[in-house]
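Below is one structure, written out as structure tokens, with a few remarks after it.
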Ligand SMILES: Cc1ncc(COP(=O)(O)O)c(C=O)c1O
């Protein structure tokens, strides 16, 4: 069959099947700043001002005046092209090196290497350090970029149930046996913060297994970098295991409110990656405004104790308030706050419309297949831009929604409501 013909007949996949009703509203919503270019606690959506709990802008750097100034000046100075070429050819500058040096220092590692995007960086990182003789052991809820990296692996891979350390140990035992035959090694991959649920990877328990088994740990700390730990060095700092993490992966898309990412490790590993990491060898280097902008952001993260204090104050108030009101927020320990409610997709869309249109609160809703079929997950992301009034208002709104859910107010919904905005 012709490929395009098959796609034409496809229902669109688990989420794409709702495209007609969802586009522009439930999926691909167009959130605009109250002022042009501004990411803030309030945004405009569907003609109304909404309180937004949906950005990974944890520290509020997206609209920080120093960040905006640096970005604008750097863009005026360099343009978006500079430097032209991939890092090993003609895309390398002393500012790229400086950013790498500062990231490595911040993470207490010998060296670091930049990625243009976290996603590609992770895939390529896994691909670069692994051979077919090695075994990858990974958490079942790992981010799609880890899954894609694992998919490239030609050797054995063993998945363990999410954060189940007993099964993780069993997986390491199996992997050890396999490696005795192949002569390979073991790479264990976990996230620092699971970005959907705010659960933490059990880095302390995983690192403790290093006393018994020979393996290397790669953590994806996209959601932990800048936020977790007393100095924002990440989830490894939070657990006091920075020296046990062999490959620390951070992304700039969250607390840095930017684009790009990095890996930090021993110097000899980073030297190896510079000459072997395909997503950097065969792709244009990170443009200068992003390099300068990321240096500024890193500086603000280093000085960011007040921003982190505000973020955690808001996060704790939101999570404690939800728990006190009887909401199930799972294992949330990081800032990301899920609210799990029993219900089908059609019901979820009605609740979300009520929340957005009548309470003017904007958060994302996650449905099957990301969560089980009868579960709806609302995902709220507190930031340092929010305050306790925002929390109070939101808790009251959720309390009212809960009463309506219990009274069966949304039960009649049989189909996903058509809210598409073309
Ligand atoms: C856990 C995790 N890893 C990696 C990435 C990818 O990062 P980027 O957006 O820089 O490609 C994300 C971002 O969505 C993420 O949540």
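Each value in this text was obtained by applying a stated rule to the coordinates, not by laboratory testing. Predicted, not measured: the structure shown is a model, and the values here were computed from it. No Cβ is skipped: glycine too gets one built from the backbone with ideal geometry, and neighbour counts run over all protein chains shown.
The long axis of helix 65-78 is offset from the longest Cα principal axis of the chain by roughly 60 degrees. Within the listed set 199, 331, 365, the residue fluctuating most in the Gaussian network model of the chain (springs between alpha-carbon atoms under 10 angstrom) is 331. Sorted ascending by nearby beta carbons within 10 Å, beginning with the fewest, 94, 285, 236 become 94, 285, 236. From the largest down, segment 47-131 spans 52, 35, 28 angstrom on the principal axes of its Cα atoms. Separation of segment 377-397 from segment 48-73 is 16 Å, based on Cα centroids.
Seen against the Cα atoms of the chain and their longest principal axis, helix 345-357 is set at about 80 degrees. The value of relative contact order for the chain, using C-alpha pairs under 8 Å at least six residues apart, is 22 percent. The fewest-to-most ranking of 145, 108, 207 by surrounding Cβ atoms within 10 Å reads 108, 207, 145.
Note down the Stokes-Einstein diffusion coefficient of segment 67-302 in µm²/s, whole number, using a Kirkwood radius over alpha carbon pairs, 4 °C, and 1.567 mPa s. Answer, rounded: 72 µm²/s. Enter the angle in degrees (range 0 to 90, nearest 10) between the Cα long axis of helix 94-106 and the first principal axis of the Cα atoms of the chain, meaning the one along which they spread out most. So the inclination is approximately 80 degrees.
With q set to 0.12 Å⁻¹, the log10 of I(q)/I(0) for the chain, from the Debye formula over equal scatterers at the Cα positions, is -1.08. Taking the fewest neighbouring Cβ atoms within 10 Å as the starting point, the ordered list for 7, 126, 301 is 7, 301, 126.
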